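Right, one structure below, let's go through it.
The values are calculated or read from the model by the stated rules, or taken from the named source; none is laboratory data. All values reported here derive from a predicted model rather than from experimental measurement. Counting neighbours? That spans all protein chains shown, and the Cβs are built from the backbone with ideal geometry, glycine included. Areas reflect the complete protein model, heavy atoms only, side chains present, ligands, DNA and RNA absent. Shrake-Rupley method; radii C 1.70, N 1.55, O 1.52, S 1.80 Å.
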Amino acid sequence: HEQYKESDQKTKELEKIKEDLEEKNKSIQLSSRYKSEFLANMSHELRTPLNSILILSQMLSENANGNLSKKQIEHAETIYSSGKDLLDLINDILDLSKIESGKVEVYPEELFIEDMRAFVERQFHPIAEQKGLQFNCYIHQETPSILYTDDQRLKQILKNLLSNAFKFTAQGTVRFEVHPSYSESTKVVFSIIDTGIGIPPEKQESVFEAFHQGDGTTTREYGGTGLGLSISRELANLLGGRIEVVSEDGKGSTFSLYLPDYDKMSDADFVIAESE
Ligand code: ADP
């Protein structure tokens, strides 16, 4: 009899623990939703006054009446460029909070890989010229010509990865390559390869965390928000794919985006993508 009483007691204790855990889980989910909603609202409210600052400082720096001194024009230009940095940061925070709160929808369509190549070439050719870097774009001949995915989101990821490649490379080459993917769950791999500063092994995972940037000196030297890679990784997950990095400190980095056809994803892929 005593034995039964004891095991009954244990079962009750376990049930209580399970209930507590479920309760905690719910409150974590709720607070993370509140956090995302708060960030989304705050970012939105910040943009309105910031737009006035940008427009007016730009007008001032153009010195239409000709009555500002050189120093005053320089100050107006600094206000404008700092305002632009702030706007980038706000837009990135807004993007990340939208993705995290599940507010970003995927609009898949049939995309020609060749069009994507033309797009990145058009976008980054001027930057390559300006920095005196080689920029090569290459599609492996066995690559499928069409990918079913979200055009805007794919472009956003590629732009983030390529902007970083150009930002962190002072000399040499940036390469954009597209290959067929030989893994079962993805179809195409987009690789962005640079001969830049590289990322030391111990930092190769943490660069994907929000607000993580290379060391302090890198941050000051290169600017940026530290959100580009975390947004890119979240977007890649949303499209059912993933981003991987291979890098050697001081030699260069390769960021690879693996993507499937969006509609060919099974439920299992969704679960893997979400839990990564
Ligand atoms: P940001 O570029 O705004 O700092 P990201 O999230 O895009 O933010 O990148 C985070 C950090 O990862 C960068 O600050 C940099 O230290 C490192 N990083 C990203 N891409 C490269 C690259 N191609 N080469 C070297 N370091 C890189």
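Observations, loosely collected:
- Beta bridges by DSSP in the chain, antiparallel share as percent, to the nearest 5: 80
- Take each peptide in 96-103, 17-24, count the other Cβ atoms within 10 Å of every residue, and average; sorted highest first, the result is 96-103, 17-24.
- Peptides 169-180, 1-12 ranked from most to least packed by the mean count of surrounding Cβ atoms within 10 Å: 169-180, 1-12.
- Judged by the mean number of other Cβ atoms found within 10 Å, the most tightly packed of the peptides 36-46, 245-255, 191-201 leads the ranking 191-201, 245-255, 36-46.
- Against the chain, whose longest principal axis comes from its Cα atoms, helix 2-62 is set at around 10 degrees.
- Cross-link table 103/187; 167/187; 159/203; 26/159; 98/167, entries beyond 32 Å C-alpha to C-alpha: 26/159
- The chain pair-distance distribution - Cα-Cα, 10 Å bins, rounded %: 6, 22, 28, 22, 11, 6, 3, 1, 0, 0
- Apportionment of accessible area to carbon and sulfur, segment 115-192, percent (1.4 Å): 44
- Between 0 and 90 degrees, the angle of helix 151-167 with respect to the longest Cα principal axis of the chain falls at about 60 degrees.
- Distance between the C-alpha centres of segment 2-45 and segment 69-128: 38 Å, rounded to the whole angstrom.
- Computed [θ] at 222 nm, deg cm²/dmol, the chain (DSSP H ≥ 4; -39,500 (n - 2.57); rounded to nearest 500): -19500 deg cm²/dmol
- 0 to 90° range, to nearest 10: angle between helix 113-131 axis and the chain longest Cα axis: 50
- Accessible area of the chain divided out per residue, in Å², using a probe of 1.4 angstrom: 62
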